[in-house]
Amino acid sequence: MDFIFIYITTPNKKEAKKIARYLLKRRLIACANIFPINSLYWWKVKIVDDNEFVLIAKTIKNNFEKVKKEIEKIHSYKIPCIIKIPVSSNKKFFDWLKREIR
């Protein structure tokens, strides 16, 4: 199966929902999950400890480049985290996912 998760970090829940709705309306993803997270990372020569939200977008592998380009257009971060993760699922879920994406 060519099913992927796209892992995207965002500064807040509002932006995560905005990106998810944007991708859903364009039928590039079938669904999304949003979680609060605590992130630690290097930024401008210091370690940052920050609260963020992660958006997990569910789609097919062939949509990754399109989804990445659309996210980069609207994301507020200069360097957004957009990671493709290959996954497997049950057949009924994958069949549903394929029907919802165009």
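The values are calculated or read from the model by the stated rules, or taken from the named source; none is laboratory data. Model, not experiment: these values are computed from the prediction. Every residue, glycine as well, gets a Cβ built from its backbone with ideal geometry; the counts of neighbours run over all protein chains shown.
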- Task: Residues being modelled with pLDDT of 95 or more and among the aromatic types (Phe, Trp, Tyr): count how many of those fall in the stretch 39-76.
- Result: 2
- For the stretch 58-71, does any single residue satisfy the condition of being among the hydroxyl-bearing types (Ser, Thr, Tyr) and within 16 Å of Ala32 (Cα to Cα)? yes
- Note on the structure: Here the residues within the stretch 39-70 that are of a type outside the set (A, V, I, L, M, F, W, C) and in contact (Cβ under 8 Å) with a residue 12 or more places away in the chain are Ser39, Asp50, Asn51, Glu52, Lys58, Thr59, Lys61, Asn62, Asn63, Lys66, Lys68, Glu70
- Would you please name the residue that is modelled with the highest pLDDT, looking only at residues in the stretch 77-92 that are closer than 16 Å to Cys31 by Cβ and β-branched (Val, Ile, Thr)? Ile85
